[in-house]
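Student: Quick one: this structure, given as structure tokens, is what I'll be asking you about.
The values are calculated or read from the model by the stated rules, or taken from the named source; none is laboratory data. Note that the structure is predicted; figures quoted are calculated from it, not measured. Cβ sites come from the backbone with ideal geometry, for glycine too, and all protein chains shown count toward neighbours.
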Amino acid sequence: MGVVAAALDYDAELMLRVKDGDGASFALLLEKHRASVIHFVYRLVLEQAVAEELAQEVFLRVYRSRASYEPTAKFTTWLFRIATHLALNWLRDEKHERMQERLDDGPPDLPAREVSDRRPSVEDQLMYQAKLAEVRRAVAGLPEKQRAAVLMHKYEEMDYVQIAKVLGCSESAVKSLLFRAYETLRARLAHMGRI
Amino acid sequence: MNCPMESHNPEMLVAYAAGQLNQEALAAFEKHLSGCPACSATAADQMAVWQALDVWEAPSVPSDFDRRLYSRIGAEQRLTWWERLARPFHPLMLRRILPLTATAALLLMAGLILERPAAVAPATKGAESVRAEQVERTLDDLELLGQFSAARPGTQEYRDAM
């Protein structure tokens, strides 16, 4: 499996080069996956500074583990397993009170919106912020594993097999996990899409 | 095709909303949707959820992310071997390790207190004192029995023993 994974997965090949001491390959991996790791962790922990810190820790661990790296799975599976583990541990340490506080305070670190044809009006901005707060609250309200599964499925476009490997469960468990999560979100968010 | 809701395959609705069905499956499902109001309504809702989630844009990557990372990697490479060994005792790690260590210490102390010989000693003393009394009583009884067996009925010794 290790040889097959390396043959199929260019990232795993790069990581094997990092193992052999090639720093440029690590820079390539960082360039390729930096944004998706930060975004994924950010959507889990809901704090930009924490997400950046945890994402740094993810890549630091990848670098530290280079000597013992074996391409037994896709590189991104390994990468997101580390990211999920760190983010969920942080959430468990922080408990739900702080999470609730952050949700109630509203998003302090809204990404800058770019509208190509015109500048968004104040009303547009308020509408956007209200929608965003609702989406954040709905996703944050999901159980940890469902939340991580939805974020990987929706935003990282991972397939069921890969999500199953990251979360350490079966493919059918992931399908059921995702269906339950989207059903919960349907009850909370379906009205938004129909507007 | 069978109704996904009735054939225990509701995940198909999620795959449809996510655009993950292949052409063949998509055509079959859309044909089913046209005749199944329940699936049609659920699929429309799932599409709406999918669109609603698009609202959530993640913040941009900070420009100094790589610089900070490489600076940490550089700092790690300069660590001496004992500093590498002490890495688990970093303040962030201690936050996780300390409660575990405290719990383990408490359990150990509780175990030591429960297993202390002093806690068992009084019971042993009691048992010894009971045994000494029993032995004394048994010896008295034996002496009395000896007197009985030595005395024959009708003799002065028998009358004294009675």
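Student: State whether the residues of segment B:48-62 include one that is part of a loop (DSSP other than H, G, I, E, B), within 14 Å of chain A (Cβ to nearest Cβ) and among the aromatic types (F, W, Y).
Tutor: Narrowing segment B:48-62 to residues part of a loop (DSSP other than H, G, I, E, B): B:54-62.
Add one more test, that the residue is within 14 Å of chain A (Cβ to nearest Cβ), and what stays is B:54-62.
Checking the rest, the ones that are also among the aromatic types (F, W, Y) come to B:56.
Within segment B:48-62, one or more residues are part of a loop (DSSP other than H, G, I, E, B), within 14 Å of chain A (Cβ to nearest Cβ) and among the aromatic types (F, W, Y).
Student: I would also like to ask the following. Of the numbered conditions (1) at pLDDT 90 or above; (2) farther than 21 Å from A:R43 by Cβ; (3) within 7 Å of chain A (Cβ to nearest Cβ), B:P10 fails exactly one; give the number of that condition.
Tutor: Looking at each condition in turn, B:P10 falls short on (1).
Student: Among the residues of segment A:150-175, write down those that are of a type in the set (D, E) and under 12 Å from the mean Cα position of the chain (by Cα).
Tutor: First pass over segment A:150-175, keeping only residues of a type in the set (D, E): A:156-157, A:159, A:171.
A:E156, A:E157 - these are the residues of segment A:150-175 that are of a type in the set (D, E) and under 12 Å from the mean Cα position of the chain (by Cα).
Student: Among the polar types (S, T, N, Q), within 30 Å of A:V62 (Cα to Cα) and modelled with pLDDT under 90: is that true of B:Q77 in this structure? Give the derivation first.
Tutor: Values: among the polar types (S, T, N, Q): yes; within 30 Å of A:V62 (Cα to Cα): yes; modelled with pLDDT under 90: yes.
Judged against the criteria, B:Q77 is a match.
Student: Taking the condition of being polar (S, T, N, Q) and modelled with pLDDT of 95 or more, how many residues in segment A:30-67 meet it?
Tutor: Narrowing segment A:30-67 to residues polar (S, T, N, Q): A:36, A:48, A:56, A:65.
If we keep only those that are modelled with pLDDT of 95 or more as well, we get A:36, A:56.
Summing the residues that are polar (S, T, N, Q) and modelled with pLDDT of 95 or more in segment A:30-67 gives 2.
Student: If A:L177 satisfies all but one of (1) at pLDDT 95 or above; (2) surrounded by 21 or more Cβ atoms within 10 Å (Cβ to Cβ); (3) more than 9 Å from chain B (Cβ to nearest Cβ), what's the number of the condition it fails?
Tutor: Among (1) at pLDDT 95 or above; (2) surrounded by 21 or more Cβ atoms within 10 Å (Cβ to Cβ); (3) more than 9 Å from chain B (Cβ to nearest Cβ), A:L177 violates only (1).
Student: Which residues, taken from segment A:18-59, are without any contact (Cβ under 8 Å) to a residue 40 or more places away in the chain, part of a helix (DSSP H, G or I), over 20 Å from B:S71 (Cβ atoms) and more than 11 Å from chain B (Cβ to nearest Cβ)?
Tutor: If the condition is that a residue be without any contact (Cβ under 8 Å) to a residue 40 or more places away in the chain, part of a helix (DSSP H, G or I), over 20 Å from B:S71 (Cβ atoms) and more than 11 Å from chain B (Cβ to nearest Cβ), then A:K32 is the only one that fits.
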